[in-house]
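As structure tokens, the structure follows; a few thoughts come after it.
The values are calculated or read from the model by the stated rules, or taken from the named source; none is laboratory data. All values derive from a computational prediction rather than experimental measurement. As a convention, Cβ positions derive from the backbone with ideal geometry for all residues, glycine included, and neighbour counts pool all protein chains shown. With ligands, DNA and RNA removed, areas are computed over all heavy atoms of the protein, side chains included. Shrake-Rupley method; radii C 1.70, N 1.55, O 1.52, S 1.80 Å.
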Amino acid sequence: MRTKQTGGYSVIEILIYVALFATLSIAVINSYTVVLASFGATRVNRELLEAGSTIMERMSREVRQATSVDVTSSVLGSSLGVLQLNTTDTAGYVTTSKFIIENGLLNMYTGGSLVGSLSGAHVSITNLIFRKITTTEGEAIKIELTIQNSTSKTLRTENFYNTIVLRGTY
Amino acid sequence: MHFILHTNRGFTIIEVLIACAIISVTSFALISTAQKGIQLSNQALRQVQAGLLIEEGVEAVKTIRDNGWSTISGFALNTIYYPSFNTSTNTWSLGTTNPGILDSVFTRTVVFSEVNRDSNDDIVSSGTVDARTKKVTVEVSWPSSGGSTSKAITFYIADIFT
């Protein structure tokens, strides 16, 4: 009597509900994976952007302030390059700035002592070339940098370029 | 008992459809937000790269000026030039032929235009042409979702060494 009252489901009804449930599950799981993937991609982008802009901004600033390039201590025209600059510090004393890759990190030295690493733990530098441009009136440095993220499974590389005239050579 | 069972019969097809619609709309909104997020973060990265390329373009024009003003004054006005770097001579030069897209993303152009000065030597739109100053516009453009994005910088370059 009771079962007859509640009726139960017919096969057609069950089919419809199962189909709906399956479709919905696919939609929900799909949106979940898309959101996760975009989170990952955004993080990789941020790591590359942060490392690239920090490295390029700092190197550009140092090159701009420099008075000359120490050619014998630098590795120019090939990767992984080393750049040593003769410069003056904020107090006006003569000193040196050096950019070198050690143990996968791009380290900066001032006057021979380590200032710190410009590349964080999230990226690796796959290409770094310094080229010295000599003009009639001065010198300039062209920097070519390629960085790769090292935290995610999907590896991305991005290139950054800049050329800076050494204002101290004028 | 019979009465209670009768009113709690479960969902009708309309109710299920409405629930489906709500869930679909929600997940669609999530996906589109995520995709917009990726798009914006890609754009931020491109903006930084383009900014550096523009700076490089400006400095490249300066290295050309440092090799002699005659090169700068020899460039045709209001004509699109493309900077290119020769890795064997380590020099920047400007050419009218497009050397190709940088990094398969960016196109960089340099355009020179005339500078006019008035009797006080101030830069004005119409006046005496100053042959020892040029107005330079460096532009970097790249394809983005919904067309093309570009960034440009305009500066003056002067013959300061002769």
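Taking the range B:39-62 as the region of interest, how many residues are within 7 Å of another protein chain (Cβ to nearest Cβ) and either surrounded by 17 or more Cβ atoms within 10 Å (Cβ to Cβ) or over 19 Å from the mean Cα position of the chain (by Cα) (or both)? Total meeting the criteria: 11. Only one entry in B:S119, B:S93, B:S148, B:S84 is in contact with a strand residue (DSSP E or B) (Cβ under 9 Å, 6 or more places away or on another chain), in a strand (DSSP E or B) and exposed (fewer than 12 other Cβ atoms within 10 Å of the Cβ), namely B:S148. For the range B:136-145, state whether one or more residues are modelled with pLDDT under 95, outside any strand (DSSP E or B) and more than 12 Å from chain A (Cβ to nearest Cβ). Scanning the range B:136-145, I find at least one residue that is modelled with pLDDT under 95, outside any strand (DSSP E or B) and more than 12 Å from chain A (Cβ to nearest Cβ), so the answer is yes. Scanning the range B:20-38 for residues that are open to solvent by 70 Å² or more (accessible area, probe 1.4 Å) and closer than 30 Å to A:A51 by Cβ yields a total of 4. Each residue in the range A:9-29 was checked for being among the aliphatic types (A, V, I, L, M) and open to solvent by less than 60 Å² (accessible area, probe 1.4 Å), and 5 pass. Does the range B:63-76 contain any residue that is in contact with a Ser or Thr (Cβ under 6 Å, 6 or more places away or on another chain), open to solvent by 60 Å² or more (accessible area, probe 1.4 Å), touching a residue at least 12 places away in the same chain (Cβ under 8 Å) and over 21 Å from B:I153 (Cβ atoms)? Yes: one or more hits.
For B:T109, are the conditions met, namely being open to solvent by less than 60 Å² (accessible area, probe 1.4 Å), more than 21 Å from A:T163 (Cα to Cα), more than 12 Å from every other protein chain (Cβ to nearest Cβ) and in contact (Cβ under 8 Å) with a residue 24 or more places away in the chain? Taking the combined requirement at face value, the residue does not satisfy it.
Filter the range A:96-145 down to the residues that are more than 11 Å from chain B (Cβ to nearest Cβ), small (G, A, S), buried (at least 18 other Cβ atoms within 10 Å of the Cβ) and in a strand (DSSP E or B) and list them by number. Explain how you work it out, then say what you get.
In the first step, residues of the range A:96-145 are kept if they are more than 11 Å from chain B (Cβ to nearest Cβ); the result is A:96-128.
Those still in the list that are small (G, A, S) too: A:97, A:104, A:111-113, A:116-117, A:119-121, A:124.
If we keep only those that are buried (at least 18 other Cβ atoms within 10 Å of the Cβ) too, we end up with A:97, A:119, A:124.
Correct list: A:S97, A:S124.
Scanning the range A:146-156 for residues that are in contact (Cβ under 8 Å) with a residue 24 or more places away in the chain and more than 10 Å from chain B (Cβ to nearest Cβ) returns A:I147, A:Q148, A:N149, A:S150, A:T151, A:S152, A:T154.
Annotation: of all residues in the range A:157-170 being part of a strand (DSSP E or B) and either without any contact (Cβ under 8 Å) to a residue 12 or more places away in the chain or of a type in the set (S, T, N, Q) (or both), the one that is farthest from the other protein chains (Cβ to nearest Cβ) is A:T157. When A:T67, A:T157, A:T72, A:T90 are checked against the criterion of being open to solvent by 40 Å² or more (accessible area, probe 1.4 Å), under 22 Å from the mean Cα position of the chain (by Cα) and of a type in the set (V, I, T), a single residue qualifies: A:T157.
Going residue by residue through the range A:65-81, is there one that turns out to be in contact with a strand residue (DSSP E or B) (Cβ under 8 Å, 6 or more places away or on another chain), in a helix (DSSP H, G or I), more than 10 Å from every other protein chain (Cβ to nearest Cβ) and within 22 Å of A:G168 (Cα to Cα)? Yes, the range A:65-81 contains at least one residue that is in contact with a strand residue (DSSP E or B) (Cβ under 8 Å, 6 or more places away or on another chain), in a helix (DSSP H, G or I), more than 10 Å from every other protein chain (Cβ to nearest Cβ) and within 22 Å of A:G168 (Cα to Cα).
If you go through the range B:63-81 one residue at a time, how many are outside any helix (DSSP H, G or I), more than 21 Å from the chain's Cα centre (by Cα) and not polar (S, T, N, Q)? Can you show your working first?
Start the filter on the range B:63-81 by keeping residues that are outside any helix (DSSP H, G or I), which leaves B:67-68, B:75-81.
If we keep only those that are more than 21 Å from the chain's Cα centre (by Cα) as well, we get B:67-68, B:75-77.
Now narrow it down to the ones that are not polar (S, T, N, Q): B:68, B:75-77.
Total satisfying the criteria: 4.
Condition (residue is crowded, with 18+ Cβ neighbours inside 10 Å and either part of a helix (DSSP H, G or I) or facing chain A (nearest Cβ under 9 Å) (or both)) applied to the range B:9-19: is it met by at least one residue? No, that holds for no residue. Out of the residues in the range A:30-52 that are small (G, A, S) and crowded, with 17+ Cβ neighbours inside 10 Å, which is farthest from the other protein chains (Cβ to nearest Cβ)? Checking each candidate, the answer is A:A51.
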